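Engineer: Right, I'll just put the structure down here and ask away after.
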Amino acid sequence: MSLISFLKNAGEKLFGKSAASTDADKAAAILAHIKSYGFNTSDIQAQVSGEQVILSGRVDTIANKNKILVAAGNVEGISKVEDRLAVLPPAGSISATPVEEAEPEKQFYTVVSGDTLSKIARHVYGDANKYPVIFEANTPMLKSPDRIYPGQVLVIPPLD
């Protein structure tokens with residue numbers, strides 16, 4: 001279980017300006033948002049309490065887990081995501097035991113004004129030409145390597 005911080009006033013505008021949205025409505029909107037990127041949300045539950053979302057359930061890979069966490073946090077009005085997701089084989093598969101894959105150290109990066117994926121890659125990897133690694137780790141949320149915004153949190157994968 002971990003808690004990841006995000007900028008409250010940056011990200012996708014899912015909730016509108018109405019204060020009438022309940023936490024349950026917000027949780028449903030976040031799950032729909034995650035699903036809109038093509039992720040299977042049938043084994044994921046979301047709870048919203050104020051500015052925090054708690055994601056629990058199961059996902060199939062560590063890469064998808066990290067992308068789902070970032071997709072949920074990059075929503076305007078959300079400042080924290082609590083990670084209670086387990087990486088397990090899909091329900092109904094032969095093995096119901098945890099995937100025998102060590103989870104690499106998670107690294108996230110919050111975009112600041114003037115950042116580009118190349119700049120971030122140079123900072124984290126020491127090589128600006130490694131920006132496609134960051135782009136790939138954040139698709140489908142990123143549609144283009146040139147379209148990032150201040151406050152957005154990105155997954156920074158380890159280099160192989």
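Laboratory data are not the source of any read-out in this text; all were calculated from the coordinates shown. Since the model is a prediction, treat every value here as computed from it, not as a measurement.
Engineer: Over the chain, what is the relative contact order in percent, taking alpha-carbon pairs closer than 8 angstrom and at least six residues apart? Show your work: numbers first, answer last.
Structural biologist: Working: 283 pairs, mean separation 40.4, N = 160.
Across the chain, relative contact order equals 25 percent.
Engineer: Would you mind calculating the gained length between residue 86 and residue 47 on full extension (0.36 nm times residue separation, minus the Cα-Cα distance), in nm to one decimal? Walk me through the numbers before you get to the answer.
Structural biologist: On the way: separation 39, 0.36 × 39 = 14.04 nm, distance 1.60 nm.
Stretched fully, the residue 86-residue 47 segment lengthens by 12.4 nm.
Engineer: In Å, what Kirkwood hydrodynamic radius results for the chain from the alpha-carbon pair distances? Before the final figure, lay out the partial values.
Structural biologist: On the way: mean 1/r = 0.0613 Å⁻¹.
Over the chain, the inverse of the mean reciprocal pair distance is 16.3 Å.
Engineer: Related question: What does the extension gain come out to for residue 107 and residue 149, with contour length at 0.36 nm per residue minus their alpha carbon separation? Before the final figure, lay out each step's value.
Structural biologist: Working: separation 42, 0.36 × 42 = 15.12 nm, distance 1.82 nm.
Net length gain for the segment: 13.3 nm.
Engineer: Can I ask one more? Give the average over all directions of the projected area of the C-alpha convex hull of segment 2-87, one decimal, in nm². Show your work: numbers first, answer last.
Structural biologist: On the way: hull surface 19.3 nm².
Seen from a random direction, the Cα hull of segment 2-87 projects 4.8 nm² on average.
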